[in-house]
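Visitor: Starting off with a structure, shown below.
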Amino acid sequence: MRVDLRGHHLACERDERELFKGFELNVVDGVMLRIEGPNGSGKTSLLKMLSGQLLPASGKLEWHGRALSRVRESYLSALLYIGHTPGVGKSLTAQENLEWSAGLAGLRASSAAINQALASVALYGFEDVPASQLSAGQQRRIALARLELIARPLWILDEPFTALDREGVAWLEQRLLAHRDAGGAVIMTTHHAFRADDGVQTMRLGVLHDEA
């Protein structure tokens, strides 16, 4: 499935306060877009809007030229969203968390596929360990293992580098770039500094430019 997500004149309000307005977005195959802005500027609210969790105060979102509200099921089947918090069940093991995530995505993942996804994020041997016994960085890795397990062309990620060690940061950077280079698309908020030649685009709530 190809990616074609567009936003027109989007506005967001919270507690009767306008966070942003006039936001324009055009994300297609092969785009990696970083959303920047100071604390309280609405970055997380924007990602929730783009992932269908919030409605814009004004403006419209389109998926392949049709109003997102009319093709919601098709859109969600193309989307993988990981929020600022890992969204990991503390009483569940790493394997059970991924089984649950796959189920929510309408997939039935085999134990082999889950173990492979966990191994890719350096959690081999932690399959049966409850998340409550793992560090914050390891819990983040469980969440990021969804990138390997649940194939979706569009990733929307809120601060995905949070709590990762140096090796985890290096892995995630390369995984994001590989997804983009394979024709996928990524929209994320992050303080991580990509290299200038990585072709990451940056948008500061309305201004789009290549990262320099």
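The values are calculated or read from the model by the stated rules, or taken from the named source; none is laboratory data. What you see is a predicted model, and the numbers here were worked out from it, not measured in a lab. Positions of Cβ are generated from backbone atoms using ideal geometry, with glycine treated the same way; all protein chains shown enter the neighbour counts. Remember, those area values only see protein heavy atoms, side chains included, never the ligands or the DNA or RNA. Shrake-Rupley method; radii C 1.70, N 1.55, O 1.52, S 1.80 Å.
Visitor: Can you tell me how many residues in the stretch 174-195 are without any contact (Cβ under 8 Å) to a residue 12 or more places away in the chain and closer than 19 Å to G87 by Cβ?
Guide: 0
Visitor: Go through the residues of the stretch 66-82 one by one and say whether even a single one is closer than 16 Å to S51 by Cα, of a type in the set (V, I, T) and either out of contact with any Asp or Glu (no Cβ under 7 Å at 6 or more places or on another chain) or in contact (Cβ under 8 Å) with a residue 60 or more places away in the chain (or both).
Guide: We begin by selecting, within the stretch 66-82, every residue closer than 16 Å to S51 by Cα; these are 66-82.
Keeping just the survivors that are of a type in the set (V, I, T) gives 71, 82.
Subsequent filtering for residues that are either out of contact with any Asp or Glu (no Cβ under 7 Å at 6 or more places or on another chain) or in contact (Cβ under 8 Å) with a residue 60 or more places away in the chain (or both) retains 71, 82.
The answer is yes, given that some residue of the stretch 66-82 is closer than 16 Å to S51 by Cα, of a type in the set (V, I, T) and either out of contact with any Asp or Glu (no Cβ under 7 Å at 6 or more places or on another chain) or in contact (Cβ under 8 Å) with a residue 60 or more places away in the chain (or both).
Visitor: Which residues, taken from the stretch 130-173, are without any contact (Cβ under 8 Å) to a residue 40 or more places away in the chain and at positive phi?
Guide: A163
Visitor: Being of a type in the set (D, E) and under 13 Å from V121 (Cβ atoms) is the filter; apply it to the stretch 161-209 and report the residue that is most open to solvent (accessible area, probe 1.4 Å).
Guide: Among residues in the stretch 161-209 that are of a type in the set (D, E) and under 13 Å from V121 (Cβ atoms), the one most open to solvent (accessible area, probe 1.4 Å) is E167.
Visitor: Another one. Select from the stretch 64-74 the residues that are out of contact with any His (no Cβ under 9 Å at 6 or more places or on another chain) and either within 15 Å of V186 (Cα to Cα) or hydroxyl-bearing (S, T, Y) (or both) and list them in ascending order.
Guide: S69
Visitor: Turning to a different aspect of this structure: From the list A112, A151, A131, which one is open to solvent by 40 Å² or more (accessible area, probe 1.4 Å) and more than 30 Å from R6 (Cα to Cα)?
Guide: It is A112.
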